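The block underneath contains the structure these notes are about, expressed in structure tokens.
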Amino acid sequence: MEIIVSANEARKSSPIPPPDMKGAHVAGMEAYRSLVAEAEADYSGYWSRLARQFVSWKSDFTVGLDDSQAPFFKWFADGMLNVSYNCLDRQVERGLGGKTALVFEADDGQVTRIDYRELLARTCRLANALKARGVSKGDRVVIYMSMSIEGIVAMQACARIGATHSVVFGGFSAQSLRDRIQDAGAVMVVTADEQLRGGKRLPLKAIVDEAIALGGCETVRDVLVYRRTGSDIAWDASRDRWLHEETDGQPQNCEPEWVGAEHPLFILYTSGSTGKPKGVQHSSGGYLLHAALTTQWTFDLRPDDVFWSTADIGWITGHTYIAYGPLALGATQVVFEGVPTYPDAGRFWKMIQDHRVTVFYTAPTAIRSLIKASEGNEQVHPQRYDLASLRILGTVGEPINPAAWEWFHRHVGGGRCPIVDTFWQTETGGHMITPLPGATPLVPGSCTLPFPGIAAAVVDETGAELPDGQGGILVVRKPWPSMIRTIWGDPERFRSSYYPPELGGSYLAGDGAIRDPATGYFTITGRIDDVLNVSGHRMGTMEIESALVSCTDLVAEAAVVGRPDETTGEAICAFVVLKRARPSGDEARQIANELRNWVAKEIGPIAKPKDIRFGDNLPKTRSGKIMRRLLRSVARGEGIAQDTSTLENPAILEQLAQSN
Ligand code: WT7
């Protein structure tokens with residue numbers, strides 16, 4: 001394990017106090033501290049109290065935390081519930097049937113509103129259609145869809161019948177999709193003919209066809225296709241079905257399948273430090289609790305709010321803060337199909353203005369790219385729009401640099417909206433370290449304090465707690481309800497990735513962190529493993545390396561590292577040894593492009609390396625281990641001040657440094 005404490009410029013000036021927010025869910029630091037104390041005094045009791053407050057149980061649980069099989073923790077295990085019931089029926093029963101659940105804005109600006117009653121009816125019709133095709137409790141369904149009402153309905157319909165969904169981001173390649181279908185053993189794929197993003201039509205169904213043609217997807221019996229664009233697509237009548245034909249005529253009632261709290265609601269694949277993505281398995285009860293609880297406390301969500309998370313349902317943010325958390329609270333939320341820069345870079349601001357958005361949650365990389373765009377074009381600057389409806393802003397996915405924070409605070413939030421910089425992970429299910437808007441004084445660049453009940457700490461390699469001011473490894477000392485339960489089909493990998501013995505039972509997040517001695521605030525210093533964060537998208541260096549070396553005609557060897565990038569946070573930098581002589585000039589550029597397209601085809605466009613450098617070989621120790629530490633320095637354009645005496649071939653560094 002390597003700890004890199006990057007020079008994070010978390011601002012040293014005094015924290016910004018919270019605005020006076022009457023009736024905030026957590027109002028003031030005293031309220032925050034009393035929740036923390038409650039959790040410390042009776043950990044299982046604290047979470048059980050909240051689980052009864054936020055979740056409606058078909059039958060109540062008798063045990064909160066069960067740690068008898070640690071690290072395979074269980075929460076509320078003998079309680080029975082249905083997640084879709086909690087998100088939909090419950091709202092109708094509370095009299096919110098006519099309240100708008102989703103305000104869907106399509107890529108072309110067309111708006112569709114759907115209330116809770118209608119969302120419930122559509123979910124039931126699809127749930128019945130899934131059952132009619134033989135999908136039942138415990139089956140896996142892969143959802144390969146763009147942002148749409150239908151995508152959310154598909155997730156809810158799976159939850160309703162107890163099928164475990166696995167949403168695959170629409171930007172992943174056929175190969176990546178195939179790997180996920182195969183690993184999950186899915187019986188069905190739900191997709192769309194095409195997706196529309198930034199005025200362009202992009203294939204989805206054709207990629208599903210390609211994935212299945214690659215082989216290994218024999219478990220898939222049916223492919224359900226949502227007609228989004230109506231373009232011609234290839235059709236295999238033995239397997240392909242139109243979603244509208246399947247759901248038309250289905251009854252709009254469907255008795256929820258009551259499941260135990262530990263029943264797997266979904267699997268979501270994410271990158272780890274080896275080549276194979278991990279199927280992160282989440283529960284039903286504990287997950288839903290934290291989704292609802294954090295949506296309410298972190299965003300101080302109230303009944304008349306209009307919430308908008310710009311995430312995609314292909315990522316965990318789109319699960320917790322679109323498909324589940326806001327619906328479990330009966331909130332109104334905006335769902336967006338398109339991209340922030342189409343038809344121009346004022347799209348987000350215009351949508352906030354048009355829909356009177358009050359809580360806005362987005363990624364630092366989007367903010368940075370919109371800052372850039374607005375510098376070049378006054379027309380798309382947020383000050384050209386009426387953003388007075390905004391109350392609270394949030395960021396997620398990567399550290400937000402103080403300059404972007406200040407811009408977001410001033411120009412989008414009008415200097416009056418707290419920004420919640422939420423630290424969490426696919427594995428954590430929901431927020432872990434975050435300000436609470438009515439309580440926490442803000443420091444740009446810091447995600448501040450643990451959510452009440454989350455036992456975050458900074459330790460060294462032996463698991464010993466470090467004093468504040470000293471950078472180390474971020475861990476969570478106690479299990480929490482929405483944590484990953486296992487890696488699908490690979491419990492040993494779960495144990496070794498997250499509960500290494502030397503940490504004595506703490507959860508290893510994979511990030512470095514440092515706490516401020518004066519405030520106790522956390523600043524995340526970045527991953528300590530071979531995981532990159534590019535535009536908030538998580539990528540394993542090994543995944544990209546295996547994609548490169550699988551281009552066996554060209555590539556002999558490859559090593560991938562990250563380097564800081566102004567817009568995307570980190571950029572992918574690949575060092576490649578070809579099977580032919582080291583190219584230069586036009587030839588090098590042309591081969592680099594070929595390799596980028598190869599990686600896009602193997603994994604997806606988000607994995608394309610920004611820099612590709614060719615060398616005669618790679619820096620290696622005498623025992624043949626690639627010295628990534630040195631490659632990181634070369635990628636950053638730093639001089640090689642480090643010790644290179646253990647290198648087999650020190651001259652290679654010079655060559656790689658010049659091969660840009
Ligand atoms: C990794 C998790 C959380 C949902 C989206 C990403 C980084 C996430 C922050 C933040 C600093 C952050 C970490 C983490 N990260 N949020 N507020 N400040 N870093 O989920 O794809 O599982 O990635 O994103 O490195 O480990 P993910």
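Taking the range 268-297, which residues are more than 19 Å from E543 (Cα to Cα), in contact with a Gly (Cβ under 7 Å, 6 or more places away or on another chain) and either surrounded by fewer than 21 Cβ atoms within 10 Å (Cβ to Cβ) or not small (G, A, S) (or both)?
Result: H282, Y287, H290, T294, T295.
Residue by residue through the range 383-393, note down the ones that are within 15 Å of the ligand (Cβ to nearest atom) and surrounded by fewer than 20 Cβ atoms within 10 Å (Cβ to Cβ).
none
Exactly one condition in (1) within 26 Å of V334 (Cα to Cα); (2) buried (at least 21 other Cβ atoms within 10 Å of the Cβ) is false for G198; which is it?
Result: G198 fails condition (2) only.
Tell me whether the range 438-455 contains one or more residues that are within 13 Å of the ligand (Cβ to nearest atom), hydroxyl-bearing (S, T, Y) and over 17 Å from T519 (Cβ atoms).
No: the range 438-455 contains no residue that is within 13 Å of the ligand (Cβ to nearest atom), hydroxyl-bearing (S, T, Y) and over 17 Å from T519 (Cβ atoms).
Which members of the range 131-175 meet the condition of being in contact with a strand residue (DSSP E or B) (Cβ under 9 Å, 6 or more places away or on another chain), surrounded by fewer than 23 Cβ atoms within 10 Å (Cβ to Cβ) and within 25 Å of S550 (Cβ to Cβ)?
Once the filter is applied, which keeps residues that are in contact with a strand residue (DSSP E or B) (Cβ under 9 Å, 6 or more places away or on another chain), surrounded by fewer than 23 Cβ atoms within 10 Å (Cβ to Cβ) and within 25 Å of S550 (Cβ to Cβ), the range 131-175 yields F169, G171.
If you scan the range 352-377, which residues turn out to be away from the ligand (no atom under 16 Å from the Cβ) and assigned to a loop (DSSP other than H, G, I, E, B)?
Matches in the range 352-377: R356, V357, T358, N377.
Looking at S68, S48 in this structure, which one is exposed (fewer than 14 other Cβ atoms within 10 Å of the Cβ), free of Cβ contacts under 8 Å to residues at least 40 places away in the same chain and farther than 17 Å from A159 by Cα?
Values: S48 fails: exposed (fewer than 14 other Cβ atoms within 10 Å of the Cβ).
Going through S68, S48 in turn, the sole match is S68.
Take the residues of the range 282-322 that are in a strand (DSSP E or B) and under 19 Å from V420 (Cβ atoms): which is farthest from the ligand (Cβ to nearest atom)? Let's see the steps before the verdict.
Here is the first cut: in the range 282-322, the residues in a strand (DSSP E or B) are 282, 306-309.
From what's left, under 19 Å from V420 (Cβ atoms): 306-309.
Values: V306: 22, F307: 16, W308: 16, S309: 10 Å.
Going through the qualifying residues, I end up with V306.
Given the criterion at positive phi and surrounded by fewer than 20 Cβ atoms within 10 Å (Cβ to Cβ), identify the matching residue among G397, G414, G429, G376.
The unique qualifying residue is G414.
If you check every pair at least six apart or on different chains, which have Cβ atoms under 9 Å apart with a residue in the range 426-440 that is free of Cβ contacts under 8 Å to residues at least 12 places away in the same chain first and a residue that is within 14 Å of the ligand (Cβ to nearest atom) second?
Here the result reads none, with nothing in the range 426-440 linked to a residue that is within 14 Å of the ligand (Cβ to nearest atom).
Just to check your reading of the model, which residue among V420, V396, V412, V380 is more than 16 Å from the ligand (Cβ to nearest atom) and in contact (Cβ under 8 Å) with a residue 40 or more places away in the chain?
V412
Quick check: is even one residue across the range 328-338 over 18 Å from P264 (Cα atoms), among the polar types (S, T, N, Q) and outside any strand (DSSP E or B)?
No: zero hits.
Filter the range 339-363 down to residues that are in contact (Cβ under 8 Å) with a residue 40 or more places away in the chain and within 22 Å of T567 (Cβ to Cβ), then give me how many there are.
11
Which residue, of V306, V335, V259, is over 23 Å from D511 (Cβ atoms), buried (at least 22 other Cβ atoms within 10 Å of the Cβ) and either out of contact with any Phe, Trp or Tyr (no Cβ under 7 Å at 6 or more places or on another chain) or at pLDDT below 95 (or both)?
Exactly one of V306, V335, V259 is over 23 Å from D511 (Cβ atoms), buried (at least 22 other Cβ atoms within 10 Å of the Cβ) and either out of contact with any Phe, Trp or Tyr (no Cβ under 7 Å at 6 or more places or on another chain) or at pLDDT below 95 (or both), namely V259.
Looking at the structure I just gave you, is Q53 without any contact (Cβ under 8 Å) to a residue 40 or more places away in the chain and part of a loop (DSSP other than H, G, I, E, B)?
In short, no.
Here's a check for you: in the range 521-541, which residue that is more than 8 Å from the ligand (Cβ to nearest atom) and in a strand (DSSP E or B) is nearest to E461 (Cα to Cα)?
T525
If you go through the range 311-333, how many residues are of a type in the set (A, V, I, L, M) and under 17 Å from V357 (Cα atoms)?
Residues meeting the conditions: 5.
Taking the stated definitions as given, is W349 in the same structural domain as R52 (by the TED database) and either in a helix (DSSP H, G or I) or not charged (D, E, K, R) (or both)?
On the way: in the same structural domain as R52 (by the TED database): no; either in a helix (DSSP H, G or I) or not charged (D, E, K, R) (or both): yes.
When the stated conditions are applied, W349 does not pass them.
So in the range 9-26, with the set limited to residues that are surrounded by 17 or more Cβ atoms within 10 Å (Cβ to Cβ) and either in contact with a helix residue (DSSP H, G or I) (Cβ under 6 Å, 6 or more places away or on another chain) or in the same structural domain as G453 (by the TED database) (or both), which one is farthest from V359 (Cα to Cα)?
V26
The values are calculated or read from the model by the stated rules, or taken from the named source; none is laboratory data. Quick caveat: nothing in here was measured; it's all calculated off a predicted structure. Glycine also receives a Cβ, built like all others from the backbone with ideal geometry; neighbour counts cover every protein chain displayed.
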